[in-house]
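Data first, discussion second: the structure below is written as structure tokens.
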Amino acid sequence: MDLPGCNTLILSDLHLGADTSRAREAARVLKRNRFRRLILLGDIFADLNFGRLTKEHWKFLGYIRKLSNPKRNIEVVWVEGNHDCGLADIMSHLVGARVYQDYTWEYRGLRHIAIHGHQFDGFQVKRLRLSRWGTSLYLQLQKLDFKSKPIVRMIDRLNTRWLGMSAKVAAGALAYAKYHEAERIFCGHTHQAMHVHQGGIDYFNSDGWVDSRLTYLTIDESGVQIHDYDELLQRTDNCYSGEERSEIDSSVAGFADESGLLEHLEYESVSR
């Protein structure tokens, strides 16, 4: 079938290792789009404990490794977030993707910047230890919540609003883009899809993959679009069969063999 195509696809805040992570759906997005560049915009992991990863989480990582194969001619970029900070060396070996603090590229005469966004969150920067304690508590709470995790998802939304993260990150990102003479800047971190145009600069937030609404960004000749996962599903579902599941499943076996890390990391924490 003719898959929707774009120059760049951006997906962030998957939080692999969290019970709320929607890894299966994220893998479908990658399967049902064509792109020249994939940017994983931070917080792909919930924390540095790989023992929390489920089978679906490892499948997603296996598919990223498959996309990173030079034969695919796809540039895979991993921008480090606050939750996966310190995994640069491991990620380079594990999935074959280069890891950046921020990533800059040119497309159609415009400068683009991808940065996770926690750098503009004053609470995150000033209270790092408290933030890590909160993450640990949040992950434990997920174990006690109902199957659909309504309580932790509500806490996530209330936390974003209470701290005013969306506005803070947007303002910081716009200032950062202006200083670096970029026309477009992309962030995650806030788990809230957003577009702000100010002073000739466009700020986009790609949302997260831990809530009921799942979104991702694409960049092509027509501009930047924010896409809902449900819309993609409705558009392409009747064109797929069991082949998609088989290909994703088979990628995990190759991932384990090639990396030599699957068994070792699945049960151990990654120390910094």
>> Please count how many residues of region 36-56 are closer than 21 Å to Val77 by Cβ and surrounded by fewer than 24 Cβ atoms within 10 Å (Cβ to Cβ).
In response: 4
> Among the numbered criteria (1) part of a loop (DSSP other than H, G, I, E, B); (2) under 15 Å from the mean Cα position of the chain (by Cα); (3) of a type outside the set (A, V, I, L, M, F, W, C), which single criterion is violated by Arg37?
Replying inline: (1)
> Mind checking whether some residue in region 215-231 is under 20 Å from Arg34 (Cα atoms), aromatic (Phe, Trp, Tyr) and modelled with pLDDT of 95 or more?
Replying inline: yes
> Hey, any hits in region 188-205 for a residue that's touching a residue at least 40 places away in the same chain (Cβ under 8 Å) and charged (D, E, K, R)?
Replying inline: no
> Which of the residues that make up region 92-113 are in contact (Cβ under 8 Å) with a residue 24 or more places away in the chain and in contact with a strand residue (DSSP E or B) (Cβ under 8 Å, 6 or more places away or on another chain)?
Replying inline: Val95, Gly96, Ala97, Tyr103, Thr104, Trp105, Tyr107, Leu110, Arg111, His112, Ile113
> Does Asp89 satisfy being touching a strand residue (DSSP E or B) at 6+ places or on another chain (Cβ under 6 Å), free of Cβ contacts under 8 Å to residues at least 60 places away in the same chain and not hydrophobic (A, V, I, L, M, F, W, C)?
Replying inline: no
> From Phe45, Phe60, which residue is touching a helix residue (DSSP H, G or I) at 6+ places or on another chain (Cβ under 6 Å) and touching a residue at least 24 places away in the same chain (Cβ under 8 Å)?
Replying inline: Phe60
> How many residues are at pLDDT 95 or above and more than 13 Å from Val95 (Cβ to Cβ) when one looks only at region 35-53?
Replying inline: 5
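The values are calculated or read from the model by the stated rules, or taken from the named source; none is laboratory data. Here the structure is a predicted model, which is why all the values come from computation and not from measurement. All Cβ positions, even for glycine, are placed from backbone atoms using ideal geometry, and neighbour counts span all protein chains on display.
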